[in-house]
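Worksheet: one structure, shown below.
The values are calculated or read from the model by the stated rules, or taken from the named source; none is laboratory data. Only a predicted model underlies this, so the values are computations on that prediction, with no experimental measurement involved. Here the Cβ positions follow ideal geometry from the backbone for every residue, glycine too, while neighbour counts run over all protein chains shown. The protein model used for the area step is the full one, side chains on, heavy atoms only, and it has no ligands, DNA or RNA in it. Shrake-Rupley method; radii C 1.70, N 1.55, O 1.52, S 1.80 Å.
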Amino acid sequence: MTLPTSPPAAGDTTSTRSRTHTWELPTSYADAGSRSGLELLRLGLEGHFPQAPICGTLGFRLVEADKGRAVFEGEPGEHLLNPMGTVHGGFLATLLDSALGSAVMTTLPPGRAYATIQLGVNLVRPVYADTQSLRSEGTVIHAGRTTATAEARVVGAIDGKLYAHATTTCAVFTLPGAA
């Protein structure tokens, strides 16, 4: 049986692609001194700490961080396509999880960390390789001693069109070795 194949994009002379990715080892927040989560994210924005390697791998970056809020922007592309020709939902889930978790992080004092323990994602429209830049903004709903919750949306960075939304519950804990 011969399966149909999609034609190459306009001007494409080959179906083979290559993407090179380099990264710096992330600074462990446990080794970053006695700084709050918001201070650590802002140091990253200022280039004092490298962004997480996943950012370069998938093509997104932290662009804003304020108390209870974090924003990431990402670029869809061919390297993120699934067999149906749309960007894999995992890209959107990762954008959302990053904004949600980082928003929670902005509320944490020195020596505290978080881990996602629940992530609920709703994908509302397909993303294609040529879809405009996407923006994911996470906002904290509750920041407690042992748990935190947040909500986020992925929208078109230019037109504000909604692509996905999500909620999270995070466990909040003391980093090993923190006072």
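When the chain is treated as a Gaussian network with alpha carbon springs shorter than 10 Å, the biggest mean-square fluctuation among Asp97, Asp130, Asp66 belongs to Asp130. With axes computed from alpha carbons, what is the tilt in degrees of helix 89-105 against the longest principal axis of the chain, rounded to the nearest 10 within 0 to 90? Roughly 20 degrees, rounded to the nearest 10.
Using a 1.4 Å probe over the heavy atoms of the protein chains, calculate the carbon and sulfur portion of the accessible area of region 27-150 as a whole percent.
On the way: 3060 of 5820 Å².
Carbon plus sulfur share of accessible area: 53 percent.
In the full protein context, region 17-93 carries 57 Å² of accessible surface per residue, based on a 1.4 Å probe and ignoring ligands, DNA and RNA. Over the C-alpha atoms of region 100-175, the Rg to Rh ratio, Rh being the Kirkwood estimate, stands at 1.07. Taking a spot 7 Å from the Cα of Leu43 along the direction of its beta carbon, which residues of region 99-113 have an amide N less than 12 Å from it? Flagged as within label range: 110-111.
At a Förster radius of 30 Å, what calculated FRET efficiency corresponds to the Cβ-Cβ distance of Ala178 and Val124, to the nearest 0.05? Each step should come with its number before you reach the end.
Details: r = 39 Å, r/R0 = 1.32.
My answer for the efficiency is 0.15.
Look at the alpha carbon pairs under 8 Å that are at least 6 residues apart: their mean separation over the length of the chain gives a relative contact order of 21 percent. Here each label is just a point 7 Å from Cα along the line to Cβ, and for Ser133 and Trp23 those points are 2.1 nm apart.
Size descriptors for region 124-167 (Cα atoms only): Rg and Dmax, in that order, 13.1, 42 Å. For the pair Ala171 and Ala115, label points projected 7 Å from Cα toward Cβ lie 0.4 nm apart. Taken about its Cα centre, region 16-131 carries a charge dipole of about 180 debye when Lys and Arg each add +1 at the Cβ and Asp and Glu each add -1 at the Cβ.
In the chain, the calculated helix contribution to ellipticity at 222 nm averages -5500 deg cm²/dmol per residue, counting -39,500 (n - 2.57) for every DSSP H run with n ≥ 4.
In angstrom, the C-alpha Rg and Dmax of the chain are 18.1, 64.
A dipole drawn for the chain from +1 and -1 charges on Cβ atoms has a positive end, and of Leu40, Gly56, Val87 the residue lying farthest that way is Leu40.
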